[in-house]
1. Looking at the stretch 37-60, is at least one residue free of Cβ contacts under 8 Å to residues at least 40 places away in the same chain and part of a helix (DSSP H, G or I)?
2. Scanning the stretch 60-81 for residues that are modelled with pLDDT of 95 or more, open to solvent by less than 20 Å² (accessible area, probe 1.4 Å) and more than 13 Å from the chain's Cα centre (by Cα), which turns out farthest from residue 131 (Cα to Cα)?
3. Could you check the stretch 443-458 and list, in sequence order, the residues that are modelled with pLDDT under 95 and either surrounded by 14 or more Cβ atoms within 10 Å (Cβ to Cβ) or among the hydroxyl-bearing types (Ser, Thr, Tyr) (or both)?
4. List pairs: first in the stretch 362-384 and among the acidic types (Asp, Glu), second open to solvent by 60 Å² or more (accessible area, probe 1.4 Å), Cβ under 9 Å, 6+ apart or cross-chain?
5. Do you know which residues across the stretch 15-44 are more than 19 Å from the chain's Cα centre (by Cα) and polar (S, T, N, Q)?
6. Can you tell me which of 461, 397, 380 is within 30 Å of residue 171 (Cβ to Cβ), of a type in the set (Lys, Arg), open to solvent by 30 Å² or more (accessible area, probe 1.4 Å) and touching a Phe, Trp or Tyr at 6+ places or on another chain (Cβ under 7 Å)?
7. With the requirement that a residue be open to solvent by 10 Å² or more (accessible area, probe 1.4 Å) and either farther than 15 Å from residue 116 by Cβ or within 16 Å of the chain's Cα centre (by Cα) (or both), what does the stretch 82-103 give you?
8. Keeping to the stretch 49-101, report how many residues are out of contact with any Phe, Trp or Tyr (no Cβ under 6 Å at 6 or more places or on another chain), over 21 Å from residue 472 (Cα atoms) and of a type in the set (Ser, Thr, Tyr).
Amino acid sequence: MDECRSDAYQSDDIYMAGRHAPEGSAAHNLYLWIESLHDIFDRFLDQYTSEEWQHDYSARELPELEQHLLDFCKGDDGSDSNAIFIESAAAYLGETLLEEAGGRWDWDESAGANGLPVVCPDPALGLEPVVPLLVVAQAIKEQTGKVFATAARLLRKAVRDRQRELPEWWPKRVPTPWVHYGCLLTAGHTADRWQNARMLDYLDWWAEEAGGRQCWNFTRTSLDRLEALLRKNFPTVEDYQAASDEPFWVMAAWYVGKCIVEGKGAQWQYRGINPDAPPGTWHAEDCYWAGAVFVNQRLRYDGHAELLPVMLRDVVAGESLRDVVDRFPDRAPEGDYVWGAPTWPTALWQLARPEHLETPSLPPLTAAERNELEETDDLRGPDWEDNHRLHTWLAERRENFPAWADQAGGGTAAWDFSPQSLDRLEALVRSSFRTYEEISAEQDAPFLVGAAWYFGEVQVRRCGAVWRWYPQPPAEPRAGDFPTVSGPTPDSKDEDADDEDAYGDDSDAAYGPDEDDDAHVHICDPMSELRALFVRDPDERLRHALKAYG
């Protein structure tokens, strides 16, 4: 675990370094864990959470996640569901803690039965690694609903303590590949859309073309009929492979998959291709499973998975279609659902046995210490309106304002933050630049930064707007990283044509407030608005922005 505290921060290559390490080694186990996280989160999102779940690894979700865990594990039906949910919750907790305190995943051979994945916070914090699975076990044992939140608050406190000494310091982390919400959502939607489209094809034409819908009712007897159809049409495997992409045979493969989903308790799954994945890894283009919809008994540890056309190919090669389908274990016998206090699933004993669950994974806290943590941190996201980065920038702008006003002409007496002064500002900007490209190239120049601050400050002083900026600087400079101002939405839509012109294309208010969204807040990006002067109609003026506040 010494490498967790190395002063030299390592790149995400460390996650792939164990790919060719000896099986059973810490490096290889870490590689396997990182590669499995996409599937864990895909299953978690697809099977265990509601459509409203944000899945953004934010600390504010942890109390809800923990309560969901306790509710889910109140009983046991004898299946693997509890164990799978617990593993999913542990993985999600780990990613959330990395978002809070930086660092990376590692593998601790001394944790649990034979080693467990751990979260190593940014080495600068000097913290011990956290074992997410054992934190989940502590939550199940204590039944307080506060364990996950406490884990996050302890890391947040360490970050705040360091930032008191180094206000501009932020924890750094090694990004976990292929676990962001976008790729997970794409995977789930792809599988759903594909199989839904095939069901429509089944109803519209395939069943009738294959002999009548009464013949295709997803029973084992219908599998014999499909096997006969395959043997009649394809003397060799090569013949089948040449025709496997034809719509009729794509549908035949779907039909077998649907029989397995209905009869064996499998699920449709799609594993997307990560263009950045190294060749030979689980999400690379050359991966056996990547880029295709398949069926998988992913809710059980002894489950089986198959690509759809492979099953038909094996039948043409001589295997019985019933035997191909029976590669998937039958549904487990339904046992009695036992209610009671949550217990640690025996399926997880190979990872963490009961004796490993006795010692709390988090440091013991007194009631006073816990209360202090809760009062200090409500688990909401970073404060965009009150942070060191924003305050430093605003202080610099106020200090430089007299010099900027002299350069702009007229000094502070002329630049009095009045609505009328915005016409002067607009004329100054238009006379200083000729094109959108020219002003965009100068957006970091002191003059234009001062002009954008002035435009925003007029909205602050005249309309009650508030400056906002993300507290943490991006790892690399990027366009659009500039403070914004926000304020309350107008009480109602203004139907006057001048008011329609008042809103800029980059502003939410350009389309008027959402009548069904009480939380709508007008946001203005001053720098974007100045650039937009060179692409909008000349009748659209800077002073019109003030009308967005009502």
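1. Checked against the condition, which is being free of Cβ contacts under 8 Å to residues at least 40 places away in the same chain and part of a helix (DSSP H, G or I), the stretch 37-60 yields no hits at all.
2. Going through the qualifying residues, I end up with 70.
3. The one that is modelled with pLDDT under 95 and either surrounded by 14 or more Cβ atoms within 10 Å (Cβ to Cβ) or among the hydroxyl-bearing types (Ser, Thr, Tyr) (or both): 443.
4. If the second residue must be open to solvent by 60 Å² or more (accessible area, probe 1.4 Å), the pairs left are 374/146; 377/157; 377/160; 378/60.
5. If the condition is that a residue be more than 19 Å from the chain's Cα centre (by Cα) and polar (S, T, N, Q), then 25, 29 are the ones that fit.
6. Values: 461 fails: within 30 Å of residue 171 (Cβ to Cβ); 380 fails: touching a Phe, Trp or Tyr at 6+ places or on another chain (Cβ under 7 Å).
397 is the lone residue from the list that is within 30 Å of residue 171 (Cβ to Cβ), of a type in the set (Lys, Arg), open to solvent by 30 Å² or more (accessible area, probe 1.4 Å) and touching a Phe, Trp or Tyr at 6+ places or on another chain (Cβ under 7 Å).
7. Scanning the stretch 82-103 gives 82, 99, 100.
8. Counting residues in the stretch 49-101 that are out of contact with any Phe, Trp or Tyr (no Cβ under 6 Å at 6 or more places or on another chain), over 21 Å from residue 472 (Cα atoms) and of a type in the set (Ser, Thr, Tyr) gives 5.
The values are calculated or read from the model by the stated rules, or taken from the named source; none is laboratory data. The structure presented is a predicted model; accordingly, all values stated were derived computationally and were not measured. Please note: Cβ atoms are built from the backbone with ideal geometry, for glycine as well, and neighbour counts cover all protein chains shown. Quick note on the areas: whole protein, heavy atoms, side chains included, nothing else; ligands and nucleic acids left out. Shrake-Rupley method; radii C 1.70, N 1.55, O 1.52, S 1.80 Å.
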